[in-house]
Amino acid sequence: MIGRRALGVGAALFCGVLACGRPAVTSAALQSEAFGSAIERLRRTYHIPGLSGVVLRGDSVLWEQSLGLRDLEAGTPATVGTLYHLASLTKPFAAAILMQLVAEGKLRLEQPVADFGVALEASDTVRVGHLMSHTSEGVPGTAYRYNGNRFGRLDTVLMRVTGKSFAQLFEERIRRPLGLRLTFPNPRDRTAFDVTGLDRAASAGLMAQGYDYSGALRNVPVEYPAHFGAAAGMISSPREMARFSRALDGDQLLSSASRARMFSAIVTPRGDTLPYGLGWFVQQIGGHAVQWHYGLWTGTSTLIVRVPDRQLTFVLMANNEMLSAPFRLGAGQLSSSPFAAEFFRAFVR
């Protein structure tokens, strides 16, 4: 019932923002307060225990807030320092590393994944770019079908190309260069986490308790999955995820040519434009090029939205599934999310 209602709410808000011309809020403080109130209403509507988020324009923080509880049983509030399991928001990190390797001439997007020992059933050759764009099934390159398990096979590609795990590559190429002290592999994956040299118990202690709501229509504590890989398993905060996003706006991680290729929607041989690029959803919304991704897994849901022509980055993280599960995000429908709709209403002109 929530899912059907959500689609109507999200679509109506996007119409209001992008077509119906709602009046702009003139005061930045009032704008931020109103946006926070709207997000809090949505948090309660969708039964999310704890939620943290940030909106940046360039390097300026327009809104940053944590709402609700990181631990219901202990009554511990969520704070800006609370860490969340990112689920599929891990994919943009993996995509950045893969594009670095392409730029260095160590990998080609057109290479068959079989060259790296990845055997997948398909009616034609599956290539690296197909895994990165969720177009590896059926006739590769002709249709989009979101498949995190297939994206995860890029772990093998990374290892074969570099001789290093995704955890090692993330540490060397992203975490240390960007100074992301609170972004690291899932502490439950000891092998991956130990690459960081951080204290495992202390790092795990910063994380929100995960919950499942939909199973019993109440929030039941659950343990996060132990897996870490290219498809899922990173831990971070909204502030640090936004810092990574800002790094993608310049040349620190990728050249402009590499960014353009990563953020370009896949076009099929028939000329159909798909909702995904390489590790990111990409859409045109109200005349704006929008780059985004969502996460959804046991005990967690996350969202990042980038509007480059407005220098805007929006990040939300929650400790149950209800930020993502009720909506058609896997189908590439950002407009189905009322959380994203409120962001557009408040900040996108």
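The values are calculated or read from the model by the stated rules, or taken from the named source; none is laboratory data. Being a predicted model, the structure only gives us computed values, none of them experimental. Here the Cβ is made from the backbone with ideal geometry for all residues, glycine too, and neighbour counts use every protein chain on show.
Every residue, every condition in (1) within 22 Å of the chain's Cα centre (by Cα); (2) within 25 Å of residue 333 (Cβ to Cβ); (3) surrounded by 15 or more Cβ atoms within 10 Å (Cβ to Cβ), yes or no:
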{"residue": "100", "(1), (2), (3)": "yes, no, yes"}
{"residue": "105", "(1), (2), (3)": "no, no, no"}
{"residue": "145", "(1), (2), (3)": "yes, yes, no"}
{"residue": "151", "(1), (2), (3)": "yes, yes, yes"}
{"residue": "158", "(1), (2), (3)": "yes, no, yes"}
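Just for region 116-143: of the residues that are farther than 19 Å from residue 265 by Cα and either polar (S, T, N, Q) or in contact (Cβ under 8 Å) with a residue 40 or more places away in the chain (or both), which one is surrounded by the most Cβ atoms within 10 Å (Cβ to Cβ)?
116
Of the conditions (1) charged (D, E, K, R); (2) modelled with pLDDT under 95; (3) outside any loop (DSSP other than H, G, I, E, B), residue 70 fails just one. Which one is it?
Answer for residue 70: the failing condition is (2).
Restricting attention to region 41-58, which residues are under 19 Å from residue 84 (Cα atoms) and exposed (fewer than 15 other Cβ atoms within 10 Å of the Cβ)?
44
Pick from 198, 169: which is at pLDDT 95 or above, part of a loop (DSSP other than H, G, I, E, B), more than 30 Å from residue 269 (Cα to Cα) and of a type outside the set (D, E, K, R)?
Criteria check complete, one pass: 198.
Being surrounded by fewer than 21 Cβ atoms within 10 Å (Cβ to Cβ), in a loop (DSSP other than H, G, I, E, B) and under 19 Å from the mean Cα position of the chain (by Cα) is the requirement here; does residue 188 meet it?
Judged against the criteria, residue 188 is not a match.
Do you know which residues across region 313-332 are farther than 19 Å from residue 297 by Cβ and either surrounded by fewer than 24 Cβ atoms within 10 Å (Cβ to Cβ) or free of Cβ contacts under 8 Å to residues at least 12 places away in the same chain (or both)?
none
Answer with yes or no whether residue 287 is crowded, with 18+ Cβ neighbours inside 10 Å and at positive phi.
no
Can you name the number of the only condition in (1) touching a residue at least 40 places away in the same chain (Cβ under 8 Å); (2) in contact with a Ser or Thr (Cβ under 8 Å, 6 or more places away or on another chain) that residue 340 fails?
Residue 340 satisfies all of (1) touching a residue at least 40 places away in the same chain (Cβ under 8 Å); (2) in contact with a Ser or Thr (Cβ under 8 Å, 6 or more places away or on another chain) except (2).
Output the number of the condition that residue 271 fails; it satisfies all remaining conditions of (1) at pLDDT below 95; (2) of a type outside the set (Val, Ile, Thr); (3) on the phi > 0 side of the Ramachandran plot.
So residue 271 meets the others, but not (1).
Between 135, 125, which is within 21 Å of residue 274 (Cα to Cα), among the hydroxyl-bearing types (Ser, Thr, Tyr), touching a strand residue (DSSP E or B) at 6+ places or on another chain (Cβ under 7 Å) and not in a helix (DSSP H, G or I)?
Of the residues listed, the single one that is within 21 Å of residue 274 (Cα to Cα), among the hydroxyl-bearing types (Ser, Thr, Tyr), touching a strand residue (DSSP E or B) at 6+ places or on another chain (Cβ under 7 Å) and not in a helix (DSSP H, G or I) is 125.
Has region 7-29 got at least one residue that is assigned to a loop (DSSP other than H, G, I, E, B), of a type outside the set (S, T, N, Q), modelled with pLDDT of 50 or more and within 22 Å of the chain's Cα centre (by Cα)?
Within region 7-29, none of the residues are assigned to a loop (DSSP other than H, G, I, E, B), of a type outside the set (S, T, N, Q), modelled with pLDDT of 50 or more and within 22 Å of the chain's Cα centre (by Cα).
Being closer than 17 Å to residue 93 by Cβ and part of a loop (DSSP other than H, G, I, E, B) is the requirement here; does residue 242 meet it?
Here the answer is no, as residue 242 does not meet what is asked.
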